[in-house]
Amino acid sequence: MKYTNILKVSILLLICGTLFSSCSKYDQGPGLSFRSKSARVTNHWKVQKVLWEGDDVTELLEGQTYEFKEDNTYAIYDNDIVSENGKWSLVEEKEKLEMIDNEYPDEKITYTIIKLKEKEMMWEYTEDDETFEFTFIPK
């Protein structure tokens, strides 16, 4: 009887673990979050790492931060001076982040979200067959 209950609980845990691990929308997680995707984006983020075709080019964006606000506006700062502002939204089933600069409203930049956690966010952007990967942490 005791063995049967342990077996049932083990099978149930295995099924739940499989379901939750396959539910992740982003390649690198999280598998489960109680905060909405928009709430996780909403933050003031510091550029931690930038890869261009696998090469570390972080120093090119040193001092750059991105602030995403609840009203779906954003500001990009270079050494605490606003260099760009506009509107942001999650698109394509919330798998991508779209940014529209107020100065150039006809141009949209869309990033593929790789990871979206409360304390870490990663995007990927491809242009002209060149891939950039950005990693952010809260400022």
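Worth a mention:
- The set of residues in segment 42-92 that are among the small types (Gly, Ala, Ser), in a loop (DSSP other than H, G, I, E, B) and more than 18 Å from residue 124 (Cα to Cα) contains only 63.
- Looking only at segment 116-139, residues that are out of contact with any Pro (no Cβ under 8 Å at 6 or more places or on another chain) and of a type in the set (Lys, Arg) come to 1 in all.
- Residue check, residue 113 assigned to a strand (DSSP E or B), closer than 22 Å to residue 58 by Cα, among the β-branched types (Val, Ile, Thr) and touching a residue at least 60 places away in the same chain (Cβ under 8 Å): yes
- Among the conditions (1) of a type outside the set (Lys, Arg); (2) assigned to a loop (DSSP other than H, G, I, E, B); (3) over 12 Å from the mean Cα position of the chain (by Cα), residue 118 misses just one, which is (3).
- A Cβ distance below 7 Å, combined with a sequence gap of six or more or placement on separate chains, defines the contacts here; from segment 89-105, residues that are within 21 Å of residue 43 (Cα to Cα) reach residues that are of a type in the set (Phe, Trp, Tyr) in the pairs 96/111; 97/88; 97/111; 97/123; 98/88; 99/74; 99/88.
- Residues of segment 93-104 classified as in a loop (DSSP other than H, G, I, E, B) and either in contact with a strand residue (DSSP E or B) (Cβ under 8 Å, 6 or more places away or on another chain) or surrounded by 16 or more Cβ atoms within 10 Å (Cβ to Cβ) (or both), total: 4
- Positions within segment 116-139 being touching an Asp or Glu at 6+ places or on another chain (Cβ under 8 Å) and over 22 Å from residue 63 (Cα atoms), in sequence order: 130
Taken together, the values in this text are just the output of simple stated rules run on the coordinates, not laboratory data. On a predicted model such as this, the values are computed, not experimentally measured, just so you know. Cβ: placed from backbone, ideal geometry, glycine included. Neighbour counts: every protein chain shown.
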